[in-house]
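What follows is a short report on a single structure.
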Amino acid sequence: MKNILIKLYSFSKNSFNSLVSTLSVLIFSSFSCNKSLKKCKTKFDILDECIVMGNGPSLTTFLEKNTAAAAGKHVFAVNFFCNTEYFEKIKPSFYVLLDPNIFSTPLKTALKDNVEELIERFKKISWEMYLFVPYKFKKSLFTQQLNNKNIKIVPFNSTPVQGYSFLENWLFKRNLGMPRPQTVINAAIFLALNMEFKVIHLFGVEQSWLKYLSINDDNSISVGLSHFYKDSDKTGENRTLSEFLTSQATVFKSHMRLQRYSERNEQLILNHTSGSYIDAYKRTNQFL
């Protein structure tokens, strides 16, 4: 009897999550995004390997030793990598933005300088680059300011999808949703998978924020966010410990789902980041 109840619970949970995901896709996703991604994919003859770069501290070591090698590969960059000296050297083929604060109007004070510099650097790009932005920000003030024919804006559906595996895979393949994109790295890996790269190399993806978690005497939490291009930021002050830990669990669950999706499509994700907290992918110290 107990086993029957457990199966009934699992069925009900998956059915509910599938229904919510389907409704979310119908309400928030655009069916045109699949066409945009496919069009982007046809621009490239060979899509064997790519690099997805996070902005963790270890990326400095990688860039200093492998700039020339990386410059010859298809590279996905994220967030404010553009505002570094390496941007012009690497010339990434793909760039992924996810944070709603980058597209907000007016900009938050803490991000204003970085976003304005990002826009100015994008305007000066001299090579063809595909900029992936969430569909809902396709016509934002941010994208309207990017007056550069070398930048091709590709909208993607950041709608989180969860439920029966067959439904998830069907929606993933058609770019109607993705495993919950808790971080831009989750989104970048998913996009690389749907671009059908056979091997995806990860660098600078420590995602080890738990290491820098602290709680003050007034019960406020603080988390250090270290980037390769600047000193540590602080985040988490307006969240409880349980809220922060829940968000972290979501990050790593999303990576696990991306790994299963890659296996289904016979793709390989390799994590080259020493000390990374991501336990979903095969680790290696060997570069390309």
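Structure notes:
- Residues of segment 124-140 that are open to solvent by 80 Å² or more (accessible area, probe 1.4 Å) and not acidic (Asp, Glu): LYS124, SER126, TYR135, LYS136, LYS138, LYS139.
- Residues in segment 245-288 that are crowded, with 17+ Cβ neighbours inside 10 Å and of a type in the set (A, V, I, L, M, F, W, C): 6 in all.
- Boolean, ILE185 is surrounded by fewer than 16 Cβ atoms within 10 Å (Cβ to Cβ), among the β-branched types (Val, Ile, Thr) and out of contact with any Phe, Trp or Tyr (no Cβ under 7 Å at 6 or more places or on another chain): no
- Count of residues meeting criterion [among the β-branched types (Val, Ile, Thr) and buried (at least 17 other Cβ atoms within 10 Å of the Cβ)] in segment 98-107: 1
- Residue ID - nearest to the chain's Cα centre (by Cα), chosen from residues in segment 141-175 that are aromatic (Phe, Trp, Tyr) and surrounded by fewer than 16 Cβ atoms within 10 Å (Cβ to Cβ): TRP170
- Residues located in segment 151-176, provided they are in contact with a strand residue (DSSP E or B) (Cβ under 8 Å, 6 or more places away or on another chain) and on the phi > 0 side of the Ramachandran plot: ASN175
- Yes/no for ALA110 being crowded, with 20+ Cβ neighbours inside 10 Å and either under 22 Å from LEU191 (Cα atoms) or of a type in the set (A, V, I, L, M, F, W, C) (or both): no
- Options LYS234, LYS198; residue that is open to solvent by 80 Å² or more (accessible area, probe 1.4 Å) and either at pLDDT 95 or above or out of contact with any Ser or Thr (no Cβ under 9 Å at 6 or more places or on another chain) (or both): LYS198
- Residue match in segment 36-46 (condition: among the small types (Gly, Ala, Ser) and modelled with pLDDT of 85 or more): yes
- Helices (runs of 4 or more DSSP H) lying entirely in segment 1-97 (those with 3 or more residues that are touching a residue at least 24 places away in the same chain (Cβ under 8 Å) and crowded, with 16+ Cβ neighbours inside 10 Å): 2-28, 32-41, 59-71
- A residue that is β-branched (Val, Ile, Thr) and within 27 Å of GLN267 (Cβ to Cβ) can be found somewhere in segment 116-134.
The values are calculated or read from the model by the stated rules, or taken from the named source; none is laboratory data. Everything quoted here is computed from the prediction, not taken from an experiment. Don't worry about glycine lacking a Cβ; one is built from the backbone with ideal geometry, like all the others, and counts go over all protein chains shown. Accessible surface is based on the protein model in full, side chains and every heavy atom, while ligands, DNA and RNA are left aside. Shrake-Rupley method; radii C 1.70, N 1.55, O 1.52, S 1.80 Å.
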